[in-house]
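J.: Below is the structure I would like to discuss, written out as C-alpha cells.
The numbers here are math on the coordinates, done by the rules we state, and not lab data. The structure displayed is predicted, hence computed values, not measured ones. All Cβ positions, even for glycine, are placed from backbone atoms using ideal geometry, and neighbour counts span all protein chains on display.
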Amino acid sequence: MFKSKFKNCFSVIDKSKFFNSYIKMNKYALVSVEEKSPLLINLCKKIKEIGYEIIATKGTRNFLLSNDIEVKGVDEIVGFREALGGKVKTLHPLIHEMILANRDSSEEMESVKNLGLIDYVFVNFYKINIEEPDSFLNSLDIGGRALISSAIKNSKYVTVAFNEETYNIVLKEIQEHGYVREDTRRKLAIKAFNYLINYEVVAYSYASEIFSNEISFGLLLTKGEKLKYGENPHQYAFLFQYDTDPNIKLQMLHGDYLTYNNYLDIDSAIRLLSEFDENACAIIKHTNPCGVACDSNSIQCFEKAYNADPVSAYGGILAFNFMVDKELAKVISKYFFDVIIAKDYEDEAFEILSSKKKTRIIRCEGLGSGLSYALELRSIVNGILIQSRDVKKISNKDLIFVTERKPNKDELEDLIFAWKIVKRISSNGIVVAKNKVSLGIGAGQMSRIDSVKIALEKSGGNTKNAVLASDGFFPFRDSIDLSAKFGITAIIQPGGSIRDKEVIQAANEHNIAMVFTGIRAFRH
C-alpha cells in the first residue's frame with residue numbers, strides 16, 4: 001500500500017513536469033487549402049494572436065504571406081521539400097506524429113518535444129476533375145485526405161476545419177473561450193468526416209464507371225429526425241436532411257409536430273408553387289392539388305382556389321407564394337386547414353391564424369422560387385430508382401399549334417396555367433381551368449378518359465370556354481369528344497400518339513384549339 005501511494009506521488013510530479021514541457025512546446029496550425037478566402041485570413045490572424053505559429057504548403061504559404069501573415073513552410077519544420085511537382089507535400093511521418101501525438105502520454109510527448117504539436121488543421125481538397133480518366137487521377141487529393149483523417153483520429157486534442165462554416169465555428173470558439181473546446185472539436189470532426197466521405201463517394205462513383213463500367217451512387221444522409229410514425233401509424237419513419245435547394249428554408253412557427261404525410265404534402269405545395277412567378281394559392285390534399293388560382297388580390301386568390309373544390313379543401317395544406325396579411329388571415333381563419341405555409345406572415349396575421357390550435361403554421365423562405373436540377377431518389381423492392389427532377393418549364397414559344405383554330409390570348413394563358421398544374425398531379429392527370437383558376441382536377445386514374453370525366457364533372461358546370469390540360473397524349477378521340485360536350489375550347493397535351501391525326505381531327509370537328517408541348521409530364 002505504501003509503495004502504491006508513493007508511486008502515485010511520483011506520478012503527480014511526473015505529470016506536472018510533462019505538463020510544463022507541453023506548455024513550452026512549439027504549437028502550430030497547419031494550413032493547406034485549395035479554396036482560399038478572406039475568412040481564412042481572419043482565422044489565421046486569430047490563431048497567431050493566441051500564440052500559434054502557422055505552417056503551410058507552398059501555394060497556401062504564398063497566399064498567407066501576401067496577406068501579411070507570418071508563416072513557415074512545411075519543409076522548414078520537417079526538412080522535407082515538396083516533391084513530384086507538389087504531389088507530395090505533407091505526406092511525412094513527422095507531420096502526422098505532430099498531429100496524432102497523445103497529449104496525455106509523457107512517452108509520446110517526449111517523442112515530439114523537439115518538433116512541436118499541430119493543434120489545428122485547416123485543409124480542403126483539390127476539386128475532382130472528371131473530364132477524362134487522366135485528369136481525374138491527377139486531381140485526386142492524397143495528402144489532404146490523410147491530414148483530415150489524422151485530425152479526426154486525434155480530435156480529442158486537434159481541431160479540424162475545411163470550409164467557411166467550420167472556420168466560423170473555430171473563430172467563435174476562440175473569441176469566446178480563447179481556444180476550441182473538446183466537444184466542439186468532436187463536432188468539427190464529424191463535419192470533417194462528412195466532407196471526407198462525400199469526397200470519397202464522388203471519386204469512387206466516377207472511378208467505378210470509367211474503370212469498371214459499373215454505375216454507382218453514394219449519398220450520406222445527415223441530421224436525421226425520427227418522426228412519430230410513417231404514412232400509417234403502424235409504420236416508422238425518419239426525415240433526413242438532403243440539401244438540394246438551400247434557398248428554400250422551412251420554419252415551424254406554430255402547431256404540433258409535422259407528420260410523414262405533412263412533409264409529402266408540403267413538398268407537393270413547394271413543387272407546384274415553384275411553377276408560378278405571379279401570386280398563386282394552392283390547396284393540397286394527399287399530394288395532389290384540389291384548388292389552384294392566380295390573382296394579384298390575395299383574398300380573391302385564396303377564395304378562388306378554395307371554391308374550386310371546397311369539399312376536398314377541408315383539412316388540407318394551404319400554400320401561398322406571397323406574404324399573408326391581416327385581412328387575408330381573417331378570411332382564412334373561417335376555415336380549417338391542417339397546415340398553412342407561406343413566404344411570410346404579418347405579425348397581426350400570425351396572431352389571428354395561431355388561434356387555431358390544431359393548425360400548423362410554417363414560414364417558407366424562398367417559396368415560389370424555381371427548383372434546382374437535383375436528383376430524386378425512390379426505393380423499390382431490391383433497388384433504388386434515381387432520376388433528375390422535372391424542372392422543365394414551357395412558354396408560348398414552346399407550343400406546337402396543330403389545329404385549324406389557334407388559341408386566343410386568354411386561352412393561351414389558361415393553357416400554360418393548366419399545364420403548370422397538371423405536371424404536378426398524379427398520372428393519369430387532367431386539369432380543367434379558366435381565368436387562371438382550376439375548375440376540376442382528375443388525378444391518378446388508370447385510364448385517361450376516366451380522369452377527363454372526373455375533371456369535367458368536378459368543374460361544376462363551369463366548363464364553357466374553359467381549357468383542358470393532359471399530362472400524357474390522348475390514345476383515342478373519346479376524350480376530345482367528351483370535352484366538346486362540356487364546352488371546352490382549347491386543349492394542351494404532349495402529343496406523340498399513333499392516333500394524333502385522329503385526335504387533331506376530332507378537335508377540328510369541334511372547333512377546339514389544340515397545342516402540343518412535345519414534353520410528357522407523368523408523375524407516379
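J.: Pull out the extension gain between LYS249 and LYS127, defined as 0.36 nm times the separation in residues minus the alpha carbon to alpha carbon distance; nm, one decimal. List each step's numbers first, then the result.
T.: Numbers: separation 122, 0.36 × 122 = 43.92 nm, distance 2.77 nm.
Gain on stretching LYS249 to LYS127: 41.1 nm.
J.: Using only the alpha-carbon atoms, how far is helix 500-509 inclined from the longest principal axis of the chain? Give it as 0 to 90 degrees, nearest 10.
T.: That helix lies at roughly 40 degrees to the long axis.
J.: At a threshold of 8 angstrom on Cα-Cα distance, excluding pairs fewer than six apart, so keeping six or more, what relative contact order does the range 11-212 reach in percent? Before the final figure, lay out each step's value.
T.: Values: 268 pairs, mean separation 42.4, N = 202.
Once normalised by length, the contact order is 21 percent.
J.: Would you please give the FRET efficiency between MET323 and ILE386, computed as 1/(1 + (r/R0)^6) with r the Cβ-Cβ distance and R0 = 35 Å, to the nearest 0.05? Can you show the working numbers first?
T.: Working: r = 36 Å, r/R0 = 1.03.
Using R0 = 35 Å, I get an efficiency of 0.45.
J.: Right, next: At a Förster distance of 45 Å, what's the computed FRET efficiency of SER497 paired with LYS357, Cβ-Cβ distance as r, to 0.05? Walk me through the intermediate numbers first.
T.: Working: r = 51 Å, r/R0 = 1.14.
Using R0 = 45 Å, I get an efficiency of 0.30.
J.: In Å, what Rg and Dmax follow from the Cα atoms of the range 224-365?
T.: 14.5, 44
J.: If you place +1 on the Cβ of every Lys and Arg and -1 on the Cβ of every Asp and Glu, how big does the dipole about the Cα centre of the range 11-212 come out, in debye to the nearest 20?
T.: Working: 26 positive and 28 negative charges, 119 e Å.
Computed charge dipole of the range 11-212: roughly 560 debye.
J.: Please identify every one of the trypsin sites (Lys or Arg not before Pro) in the range 324-382 that sits in a loop by DSSP and has no more than 12 other beta carbons within 10 Å of its own beta carbon. Show your work: numbers first, answer last.
T.: Working: sites: LYS326, LYS330, LYS334, LYS343, LYS356, LYS357, LYS358, ARG360, ARG363, ARG378; in loops: LYS334, LYS343, LYS356, LYS357, LYS358.
Listed in order of number, the matching sites are LYS334, LYS357, LYS358.
J.: Place a label point 7 angstrom from the Cα of ILE400 along the Cα-to-Cβ direction, then list the residues of the range 466-486 whose backbone nitrogen is under 16 Å away.
T.: Of the residues in the range 466-486, 470-475 have backbone N under 16 Å from the label point off ILE400.
J.: Under 15 Å from the Cβ of ASP183, count the other residues' Cβ atoms, weight Lys and Arg +1, Asp and Glu -1, and hand me the total.
T.: Working: positive: LYS156, LYS172, ARG181, ARG185, ARG186, LYS187, LYS191; negative: GLU173, GLU176, GLU182.
Counting the neighbours of ASP183, the net charge comes to +4.
J.: What distance in nm separates the simple spin-label points at ILE299 and MET446, each placed 7 Å from Cα in the Cβ direction?
T.: Each label point lies 7 Å from its Cα, and together they span 4.7 nm.
J.: Can you sort TYR306, TYR120, TYR242 from fewest to most other Cβ atoms within 10 Å of each residue's own Cβ? List each step's numbers first, then the result.
T.: Values: TYR306 23, TYR120 26, TYR242 15.
Ascending Cβ contact count within 10 Å gives the list TYR242, TYR306, TYR120.
J.: Report the GluC sites (Glu not before Pro) located in the range 238-305 that are in a DSSP loop and have at most 14 other Cβ atoms inside 10 Å of their Cβ, or state none. Mind showing how you got there, number by number?
T.: On the way: sites: GLU275, GLU278, GLU303; in loops: GLU275, GLU278.
Here the GluC sites (Glu not before Pro) that fit, given the DSSP loop and packing criteria, are GLU278.
J.: Now, a different point. Take SER379 and TYR236, extend 7 Å from each Cα along the Cα→Cβ direction, and tell me the distance between the two endpoints in nm.
T.: About 1.2 nm, to one decimal.
J.: Rg (Å, one decimal) plus Dmax (Å, integer) for the alpha carbons of the range 397-516?
T.: Answer for the range 397-516, Rg first and Dmax second: 12.2, 33 Å.
J.: Here's something else I'd like to know. What is the dipole size for the chain, taken about its Cα centre, with +1 at each Lys and Arg Cβ and -1 at each Asp and Glu Cβ, in debye to the nearest 20? Numbers along the way, then the final one.
T.: Values: 68 positive and 67 negative charges, 233 e Å.
Roughly 1120 debye for the chain.
J.: Right, something else. LEU219 versus PHE522, label points 7 Å from Cα toward the beta carbon: distance in nm?
T.: Once both label points are built, they end up 2.1 nm from each other.
J.: To make sure I understand, if each residue's beta carbon is the centre and we count other beta carbons within 10 Å, what order do SER150, SER372 fall in, fewest to most? Spell out each step's value before the answer.
T.: Working: SER150 22, SER372 15.
Listed from fewest to most nearby Cβ atoms, that is SER372, SER150.
J.: Okay, next question. Given the options ILE215, PRO38, MET25, identify the residue whose Cα lies farthest towards the positive end of the charge dipole of the chain (+1 on Cβ of Lys, Arg; -1 on Cβ of Asp, Glu).
T.: Positive-end residue among those listed: MET25.
J.: Right, another one. If you take every DSSP beta bridge fully contained in the range 397-516, what fraction is antiparallel? Give it as a percent rounded to 5.
T.: On the way: 11 of 18 bridges.
Of all bridge pairs located within the range 397-516, approximately 60 percent are antiparallel.
J.: For a Förster distance of 25 Å, can you work out the FRET efficiency between the beta-carbons of SER105 and ASP75, rounded to the nearest 0.05?
T.: Working: r = 28 Å, r/R0 = 1.10.
Working from the Cβ atoms, E equals 0.35.
J.: Here is a further query. Label point 7 Å out from LEU94 along Cα-to-Cβ: which residues of the range 22-53 have amide N under 17 Å?
T.: 25-31, 53
J.: Another question, then. Within the range 323-418, which chymotrypsin sites (Phe, Trp or Tyr not before Pro) sit in a loop by DSSP and count at most 16 neighbouring Cβ atoms inside 10 Å? Could you put the intermediate results ahead of the total?
T.: Values: sites: TYR335, PHE336, PHE337, TYR345, PHE350, TYR373, PHE401, PHE417; in loops: TYR335, PHE336, PHE337, TYR373.
Within the range 323-418, the qualifying chymotrypsin sites (Phe, Trp or Tyr not before Pro) (loop, at most 16 other Cβ atoms within 10 Å) are PHE336, TYR373.
J.: Take every DSSP beta bridge whose two residues both sit in the range 11-212, then give the antiparallel share in percent to the nearest 5. List each step's numbers first, then the result.
T.: Numbers: 1 of 16 bridges.
In the range 11-212, approximately 5 percent of DSSP beta bridges are antiparallel ones.
J.: Something else: For the residues GLU164, GLU107, what sequence is obtained by ranking on other C-beta atoms within 10 Å, fewest first? Spell out each step's value before the answer.
T.: Details: GLU164 14, GLU107 9.
Ascending Cβ contact count within 10 Å gives the list GLU107, GLU164.
J.: With the Cα gyration tensor of the range 247-321 in hand, convert its eigenvalues to equivalent ellipsoid semi-axes via √(5λ) and list them largest first in whole Å.
T.: The equivalent ellipsoid of the range 247-321 has semi-axes of 19, 15, 11 Å.
J.: Picking from SER426, TYR373, THR57, whose Cα lies most toward the positive end of the charge dipole for the chain (charges on Cβ: Lys, Arg +1; Asp, Glu -1)?
T.: Positive-end residue among those listed: THR57.
J.: Which whole-number percentage describes the relative contact order of the chain, with Cα contacts under 8 Å and a sequence gap of 6 or more?
T.: 8 percent.
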